[in-house]
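Read the figures in this text as sums done on the coordinates, not as results from a lab. Computed from a predicted model, the values in this text were never measured in an experiment. Every residue, glycine as well, gets a Cβ built from its backbone with ideal geometry; the counts of neighbours run over all protein chains shown.
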């Protein structure tokens with residue numbers, strides 16, 4: 001399973017907003033420049049995150065975006081599900097209640113592997129919040145002194 005740029009860039013944008021949590025709205029242009037992302041593409045991602053309630057916006061000259069909830073209550077899983085969809089390494093085990101199940105699900109040994117993989121991914125994504133990532137970022141800060149935030153290769 002590979003995340004697309006939607007999930008990776010969306011995570012970077014959400015971390016940028018988490019860094020500024022409580023400081024008021026952050027202009028999209030500022031996030032895009034700070035993270036080295038396309039403002040037009042970022043606008044599409046923020047729109048999806050806003051519809052899901054993870055981001056809020058304020059219009060006007062002093063407007064911009066801010067987190068819809070505290071960083072400690074937004075998990076990586078919340079963000080990835082909004083931008084990438086339900087989590088699952090293969091279609092037959094995607095985490096949709098009552099979702100698609102293949103005809104051989106009852107006796108498919110591979111399904112055990114795919115379900116365990118899905119469950120592990122879900123556990124990691126739902127077990128780490130934006131606040132957790134900011135704590136880890138502070139630990140890495142001395143090693144990254146002088147470097148831009150966010151990896152430009154992601």
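Computed from label points 7 Å out along Cα-Cβ, the spacing between residue 73 and residue 103 is 4.7 nm. With the simple model of a label 7 Å out from the Cα in the direction of the Cβ, residue 116 to residue 90 spans 1.4 nm. Largest first, the three principal axis extents of the alpha carbons in the chain are 58, 37, 26 Å in whole numbers. Taking Cα atoms only, the orientation of helix 130-140 departs from the longest principal axis of the chain by about 70 degrees. Put the Cα centre of the stretch 14-57 next to the Cα centre of the stretch 72-130 and the gap is 26 Å. Our summary gives the chain a relative contact order of 28 percent, counting only alpha carbon pairs under 8 angstrom and 6 or more residues apart. Calculated mean residue ellipticity at 222 nm for the chain: -15000 deg cm²/dmol, from DSSP H runs with n ≥ 4 weighted as -39500 (n - 2.57), summed, divided by the residue count and rounded to 500.
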